[in-house]
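Below is one structure, written out as structure tokens; comments come after it.
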Amino acid sequence: MPKRAKKNEEAVDGETGNGAEPAKKEKKGKEPEAPILYEDPPDKTTSKDGRAANMKITSWNVDGLRAWVKKNGLDWVRKEDPDVLCLQETKCAEKALPSEITDMPEYPHKYWAGSEDKEGYSGVAMLCKTEPLNVTYGIGKEEHDKEGRVITAEFPSFFLVTAYVPNASRGLVRLDYRKTWDVDFRAYLSGLDQRKPLVLCGDLNVAHQEIDLKNPKGNRKNAGFTPEEREGFTKLLEAGFTDSFRELYPEQAYAYTFWTYMMNSRAKNVGWRLDYFVLSSALLPGLCDSKIRNTAMGSDHCPITLFLAV
């Protein structure tokens, strides 16, 4: 899977590719539209049932851990100060991890997973202030687990799962694999949910609804917005889970978490919402806020943060 080329054939601000419909040409002399930006509102730290948030979780696809560290990603993390930090697309073997992150005293409990076959591919991490009761890797199926995409931590009242979901890739060459993953991953999460409620976070590599990306019309045949991938996410929600951001902000448009490096897309806010906190229904009463920290730089994704009363 080439470095994020998988999303580079999106219809980005009028550019097309991979089956996207051609954009209408602007009339000569027409001023380009000013970008509509998303402003992350003030944090809400109290749940609907009146409890104060006592768990703060941040998730970030760092698009290469070593590069992200060099871009001062850890400075932002220290300011955000989550109880748990989940990272995706670390692209770094454990033996090659930079000391800046392995030595962080704020997070004494650190867990890493990477690809068995390809060094510098995929990879997830979880850094915790408090030691989990138990930590597992993968979802129990070798065809998926060899790519180092999932870490699950069990805490007293919930599971926390961080995932880097496989992309359907350029030309949708992995769409069939992605469909298999969606079925197996949903079964894994449902099994956990029968034991205790869970929080799923990470880059789920799908924009669920048209509101979740800038150019839905031109991307229906592109990875991340195919009917099959969207249906997979719908079925996950139907299995008893909730997209926390849409639960709190059902009509909020222009709220994205990924922007391709091409075409000055981030400055124009031509993006996709690919990163999520998905909650078991049992945790919804304690949901305080689900944040998109879109001003944080260092990757082609921005971090997201969950405030939860558990």
When only residues in the stretch 155-170 that are open to solvent by 40 Å² or more (accessible area, probe 1.4 Å) and at pLDDT 95 or above count, which is nearest to R230 (Cα to Cα)?
S157
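Test K91 against the criterion of being among the charged types (D, E, K, R) and open to solvent by less than 70 Å² (accessible area, probe 1.4 Å), and give yes or no.
yes
Check every one of the helices (runs of 4 or more DSSP H) wholly within the stretch 213-278 and list those with 3 or more residues that are open to solvent by less than 50 Å² (accessible area, probe 1.4 Å), of a type outside the set (F, W, Y) and in contact with an Asp or Glu (Cβ under 6 Å, 6 or more places away or on another chain).
none
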Residues of the stretch 126-150 satisfying the condition of being open to solvent by less than 30 Å² (accessible area, probe 1.4 Å) and either farther than 17 Å from L200 by Cβ or in a loop (DSSP other than H, G, I, E, B) (or both):
L127, P132, G138, I139, E147, G148, R149
Hey, T226 among the β-branched types (V, I, T) and farther than 18 Å from E80 by Cα or not:
yes
For the stretch 19-76, how many residues meet the condition of being modelled with pLDDT under 95 and closer than 20 Å to F277 by Cα?
2
Among K91, K95, K79, which is the only one that is assigned to a loop (DSSP other than H, G, I, E, B), farther than 21 Å from P132 by Cβ and not acidic (D, E)?
K91
Would you mention how many residues in the stretch 184-208 are in contact (Cβ under 8 Å) with a residue 24 or more places away in the chain and over 22 Å from V62 (Cβ atoms)?
12
Just checking, which of S190, S122 is open to solvent by less than 40 Å² (accessible area, probe 1.4 Å) and part of a helix (DSSP H, G or I)?
S190
Quick one: what pairs do we get from the stretch 104-118, first residue farther than 21 Å from K56 by Cβ, second of a type in the set (A, V, I, L, M) and in a strand (DSSP E or B), C-beta under 6 Å, 6+ apart or different chains?
W112/A125; A113/V124; A113/I151
For the stretch 279-310, enumerate the residues that are open to solvent by less than 10 Å² (accessible area, probe 1.4 Å), under 24 Å from S47 (Cα atoms) and assigned to a loop (DSSP other than H, G, I, E, B).
P303, A309
Criterion violated by S115 - all others in (1) part of a loop (DSSP other than H, G, I, E, B); (2) open to solvent by 60 Å² or more (accessible area, probe 1.4 Å); (3) modelled with pLDDT under 95 satisfied
(2)
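The values are calculated or read from the model by the stated rules, or taken from the named source; none is laboratory data. Since the structure is predicted, the reported quantities are computational estimates derived from the model, not experimental observations. Every residue, glycine as well, gets a Cβ built from its backbone with ideal geometry; the counts of neighbours run over all protein chains shown. Calculation scope for accessible area: heavy atoms of the full protein, side chains included, ligands and nucleic acids excluded. Shrake-Rupley method; radii C 1.70, N 1.55, O 1.52, S 1.80 Å.
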